[in-house]
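**Student:** Have a look at this one.
Values quoted throughout were computed directly from the atomic coordinates according to the rules given, and no laboratory measurement underlies them. All values reported here derive from a predicted model rather than from experimental measurement. Virtual Cβ from ideal backbone geometry, glycine too; neighbours counted across all protein chains shown.
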Amino acid sequence: MKRLTVLRHAKSSWKDRELDDFERPLNGRGRKAARRMGREIDVRGLHFDLVLASPAARVRQTIDHVQEHYRINAPIHFEPRIYMARVAELLELIQAIPDQAESALLVGHNTSAERLVTKLAQDDRDGLKRRVEEKFPTAALAAIELPVDSWSAVEAESGRLVELIYPADLAD
């Protein structure tokens with residue numbers, strides 16, 4: 001069994017309209033939400049063997065603020081293909097994860113993050129997949145259990161959505 005957790009970057013700033021999209025930083029609300037998610041990841045005892053992340057500034061800052069409350073004790077690979085990726089490209093990256101990693105964290109952008117979660121997850125009684133389809137807000141986290149021994153065997157609608165955390169649902 002493999003476990004993929006998808007974290008959408010926190011809320012970014014549009015204050016400087018001349019700044020390249022890749023360089024946009026988090027805004028105050030985003031920094032707060034990322035710290036809140038870090039606390040929740042720690043409380044829930046989530047663990048990652050590997051992190052794949054977009055190298056965009058807002059993703060790097062999201063990771064930094066998450067780590068104020070949750071120390072990521074796994075290699076972090078900043079993968080340029082995650083920025084502006086289509087779901088098919090993300091799936092290729094996931095299928096190339098070394099099998100020694102049981103649990104991976106992917107930190108990226110919408111709409112690809114939302115579409116990846118809904119592509120991999122089966123429909124569920126609790127309506128988690130439907131909730132993601134309706135909205136996957138900034139700093140949201142979704143964990144999917146995948147019934148495979150090898151990442152290369154990951155297929156669409158094969159996973160079970162087991163964690164869905166939205167920062168707005170958490171106390172400060």
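**Student:** Helix 28-43: angle to the longest alpha-carbon principal axis of the chain, degrees 0 to 90, nearest 10?
**Tutor:** 40
**Student:** Only bridges with both residues in the chain count here: give the DSSP antiparallel percent, nearest 5. Write out the running numbers ahead of the final one.
**Tutor:** Numbers: 12 of 26 bridges.
Percentage antiparallel, nearest 5: 45.
**Student:** Further, regarding this structure: Grab the Cα-Cα distance for Glu23 and His77, subtract it from 0.36 nm times how many residues apart they are, and report the gain in nm with one decimal.
**Tutor:** Values: separation 54, 0.36 × 54 = 19.44 nm, distance 1.81 nm.
17.6 nm is the gain from fully extending Glu23 to His77.
**Student:** Moving on to the next point. Do you know the relative contact order of the chain, to the nearest whole percent, from alpha carbon pairs under 8 angstrom that are 6+ apart? Write down the numbers at each step before the final one.
**Tutor:** On the way: 338 pairs, mean separation 54.5, N = 172.
Over the chain, the number comes to 32 percent.
**Student:** Which angle between 0 and 90 degrees, to the nearest 10, do you get for helix 57-66 versus the longest principal axis of the chain when only C-alpha atoms count?
**Tutor:** Rounded to the nearest ten degrees, it is 80.
**Student:** Provide the per-residue ³J(HN,Hα) series for the range 117-126, in order, calculated from phi with Karplus coefficients 6.51, -1.76, 1.60 and θ = phi - 60°, each as a whole number of Hz, with x at glycine and proline positions.
**Tutor:** Along the range 117-126, the couplings run 4, 6, 6, 7, 8, 7, 5, 9, 5, 7 Hz.
**Student:** Regarding the chain, what's the average projected area of the Cα-atom convex hull, expressed in nm²? All intermediate terms of the calculation are to be shown ahead of the outcome.
**Tutor:** Working: hull surface 36.6 nm².
Projected over every direction and averaged, the Cα hull of the chain covers 9.1 nm².
**Student:** Just going by the charge dipole of the chain, with Lys and Arg at +1 and Asp and Glu at -1 on Cβ, which of Tyr83, Leu26, Ala139 is farthest out on the positive end?
**Tutor:** Leu26
**Student:** Which value, in debye to the nearest 20, gives the size of the charge dipole of the range 2-169 about its Cα centre, when Lys and Arg are +1 and Asp and Glu are -1 at the Cβ?
**Tutor:** Values: 27 positive and 27 negative charges, 155 e Å.
The calculated dipole for the range 2-169 is roughly 740 debye.
**Student:** So how strong a dipole does the range 66-139 carry about its Cα centre when Lys and Arg Cβ are +1 and Asp and Glu Cβ are -1, to the nearest 20 debye?
**Tutor:** Working: 10 positive and 12 negative charges, 43 e Å.
That gives a dipole near 200 debye.
**Student:** Within the chain, what is the number of lysine pairs with alpha carbons under 26 Å apart, leaving out pairs fewer than eight places apart on the same chain?
**Tutor:** Lysine pairs meeting both conditions in the chain amount to 13.
**Student:** Specify the longest stretch of the chain that does not include any exposed loop site, a site being one of the trypsin sites (Lys or Arg not before Pro) with a non-H, G, I, E, B DSSP assignment and at most 14 other Cβ atoms within 10 Å.
**Tutor:** Details: sites that count: Lys15, Arg17, Arg44, Arg71, Arg86, Arg125, Lys135.
The reported range is 87-124.
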